[in-house]
Amino acid sequence: MTPRRSTLAAILATGILATACTKSENWEEEVKLSTGEVVVVTRTQTYERYSELGAPGDGWLRVEARLKFTPPIAGSAPVTWQADLHPLILDLANGNPVIVAKADYCEQYYRHGHPIPPYMVFEFLDGQWKRSKLSATHANAKANLLLNVEDRGDRSRVTIDFKSRSNSRPGLPINIRQIDFSYRMVC
């Protein structure tokens, strides 16, 4: 191998190793449903280290979000939802658990069919999660899941009161604080 090729191979290998680093965060979260009932959700988010060549610093890219909870319906077993999306809302529709999520970046957005507006709805039917359409009933629905995980700090349990303060911070865009039918993802 020539010196030039070995240098290129070393750079590529370093880039692959640098982006292969992952971390996970776990916590419990109180979630108030539209019915007024409160469920406790065990949340896990997994991230991969992300950086661009030549860019200062690096960051973490969410690659998976997982929610595990027991629906407040008599005889319900725990349910787990996982996807590479940013979950915003957990609720019930016609007695079935429903999650509304959005893509954080363009690759996810295109992978999930580039919906307009860029929110995806998942409903737990017949023992499995099925994608369903965003409907007018979701318009302006407010997020009831913690939006900015960094606000959590080292808390192992996020209360409804803490989350209400965190989710209403002025720096959070309206399109994640509530379902905004006019929002378009620019990719």
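For the range 161-178, a residue qualifies if it is part of a helix (DSSP H, G or I) and under 18 Å from the mean Cα position of the chain (by Cα), and the qualifying residues are K163, S164, S166, N167, I174, N175, I176, R177. When every residue of the range 129-140 is checked against the conditions, none turns out to be free of Cβ contacts under 8 Å to residues at least 40 places away in the same chain, surrounded by 12 or more Cβ atoms within 10 Å (Cβ to Cβ) and assigned to a loop (DSSP other than H, G, I, E, B).
Does at least one position in the range 85-94 carry a residue that is over 20 Å from H138 (Cβ atoms) and not hydrophobic (A, V, I, L, M, F, W, C)? Checked the range 85-94: no residue is over 20 Å from H138 (Cβ atoms) and not hydrophobic (A, V, I, L, M, F, W, C).
Check A65, A77, A18 and return the single one that is over 20 Å from L146 (Cα atoms), under 25 Å from the mean Cα position of the chain (by Cα) and at pLDDT 60 or above. None of the other options fit; the residue is A77.
Going residue by residue through the range 36-54, is there one that turns out to be part of a strand (DSSP E or B), aromatic (F, W, Y) and modelled with pLDDT under 95? Yes, the conditions are met somewhere in the range 36-54. Total residues in the range 89-123 satisfying the condition of being under 25 Å from V149 (Cα atoms) and in a strand (DSSP E or B): the figure is 15.
Somewhere in the range 24-33, is a residue at pLDDT below 95 and surrounded by 12 or more Cβ atoms within 10 Å (Cβ to Cβ)? Yes, some residue in the range 24-33 is at pLDDT below 95 and surrounded by 12 or more Cβ atoms within 10 Å (Cβ to Cβ). Go through the range 146-158 and give me each residue that's of a type in the set (A, V, I, L, M, F, W, C) and either assigned to a helix (DSSP H, G or I) or under 21 Å from S76 (Cα atoms) (or both). Residue satisfying the conditions is V149 alone. The criterion of being closer than 19 Å to L33 by Cβ and in contact with a Leu (Cβ under 7 Å, 6 or more places away or on another chain) holds for L90.
Scanning the range 121-141 for residues that are more than 18 Å from Q82 (Cα to Cα) and in contact with a Leu (Cβ under 9 Å, 6 or more places away or on another chain) gives a single hit, A141.
The values are calculated or read from the model by the stated rules, or taken from the named source; none is laboratory data. Since we're looking at a predicted model, the values are computed, not measured. Cβ: placed from backbone, ideal geometry, glycine included. Neighbour counts: every protein chain shown.
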